[in-house]
1. Pull out the extension gain between E59 and F39, defined as 0.36 nm times the separation in residues minus the alpha carbon to alpha carbon distance; nm, one decimal.
2. State, to one decimal in nm², a quarter of the convex hull surface area for the C-alpha atoms of the chain, i.e. the direction-averaged projected area.
3. 5 Å is the cut-off here: which amide hydrogens, built 1.01 Å from N in the peptide plane, fall below it relative to V53, excluding neighbours closer than 5 in sequence?
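Bear in mind these aren't lab numbers, they're just calculated from the coordinates by the rules spelled out. The model shown is predicted, which means the values in this text are computed figures rather than measured ones.
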Amino acid sequence: STTTNWVSNMIIGATFLTLLDSIGAAGTFWLYTALNIAFVGITFWLIPETKNVTLEHIERKLMAGEKLRNIGV
């Protein structure tokens, strides 16, 4: 998660001023808002819930070839 945070901040830092000049402040923030909403949806769709699931259970599911979405079930 730390790497994701650093990479995301690097992308925002590299694109913010260019976007601000080209589409304005409101457009820039709306673009970032839309991207955040999309990434939250992707996260809920792709990352399995593993609350109260032991590491051994997760390992067994992975070794059995289960889809990542079904690991926490």
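1. Computed gain between E59 and F39 is 4.6 nm.
2. 6.3
3. none
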